Amino acid sequence: DGTAESQQTEGSAKANANVKQRFDGFYLYADELVAHDSIADIKLRNVASTGAGTFLADTDAFKFSVDAGVVHVYEDVRDADDEYFALRFGERIDYKVNDAVGVWEKLEVTPEAADFGNTLVAFEAGIESALTKTLAFGVTLKVDHDSEPAEGVERTDTVLGAHVALSL
């Protein structure tokens with residue numbers, strides 16, 4: 001009918017490193033997240049955090065932890081840099097249903113220290129099942145919310161993904 005259509009491929013990349021040191025009844029953590037998301041027009045987001053937490057429940061089958069800390073956020077969004085300090089509040093639940101199946105859920109809320117209206121929220125829930133001693137299959141739901149995204153970008157991203165895990 002004489003119309004032309006534009007097609008575009010979008011993508012994202014994320015790298016995360018987490019270190020925890022456990023002590024009697026609590027732990028200290030350091031976490032580094034580096035992300036790129038062309039759909040949200042984020043060229044670079046670097047989130048470095050450190051803090052302390054505790055396990056409210058800690059058995060072989062069920063773990064429930066809460067933590068809090070401080071964060072340094074650097075963002076390059078649409079060629080505009082933003083850098084600020086924030087607070088971090090998190091919780092995580094891990095439940096081993098049986099020897100082969102486990103489920104988890106985690107929530108992180110990161111409000112800017114000087115402006116609580118500028119908040120990042122990350123939620124994740126998933127299930128993973130062992131197929132063999134070294135191979136597992138899982139499904140994960142991730143919801144990321146940015147209360148002050150770049151202009152024209154949705155505040156909330158939702159991703160349902162599947163993964164294969166290999167244990168060496």
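The values are calculated or read from the model by the stated rules, or taken from the named source; none is laboratory data. Remember, predicted model here, so these are calculated numbers, not experimental data. Every residue, glycine among them, receives a Cβ derived from its backbone with ideal geometry; neighbour counts consider all protein chains shown. Please note that ligands, DNA and RNA were not included when accessible areas were found on the heavy atoms of the full protein model with its side chains. Shrake-Rupley method; radii C 1.70, N 1.55, O 1.52, S 1.80 Å.
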Quick one: pull the percentage of alpha-carbon pairs in region 81-166 with a separation above 23 Å.
39 percent
Under a cut-off of 16 Å between alpha-carbon atoms, report the lysines in cross-link reach of Lys133, not counting same-chain residues fewer than 8 places apart.
Lys96
Heads up, the chain by the C-alpha gyration tensor (a ≥ b ≥ c square roots of eigenvalues; a/c under 1.5 rounded, else a/b over b/c prolate, else oblate) looks oblate
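What's the local net charge at Ala61, with K and R +1, D and E -1, over the other residues with C-beta under 10 Å away? Show your work: numbers first, answer last.
On the way: positive: Lys63, Lys96; negative: Asp60, Asp94.
Result for the neighbourhood of Ala61: 0.
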Taking the Cβ of Val97 as the centre, find all other residues whose Cβ is under 14 Å away and add up their charges (Lys, Arg: +1; Asp, Glu: -1).
-3
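With a 1.4 Å probe and all protein chains left in place, how much of the accessible area of region 39-128 comes from carbon and sulfur atoms, in whole percent? Let's see the in-between values first.
On the way: 2870 of 4720 Å².
Within region 39-128, the accessible surface is 61 percent carbon and sulfur.
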Would you mind checking the radius of gyration and Dmax of region 122-168 based on alpha-carbon positions, in Å?
15.0, 47
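Just to confirm the filter: which GluC sites (Glu not before Pro) across region 91-126 are DSSP coil and have at most 10 other Cβ within 10 angstrom of their Cβ? Write down the numbers at each step before the final one.
Numbers: sites: Glu91, Glu105, Glu108, Glu112, Glu124; in loops: none.
Within region 91-126, no GluC sites (Glu not before Pro) qualify (loop, at most 10 other Cβ atoms within 10 Å).
Using a 1.4 Å probe, what is the accessible area per residue for the chain, in Å²?
Working: 10800 Å² over 168 residues.
For the chain, the solvent-accessible area averages 64 Å² per residue.
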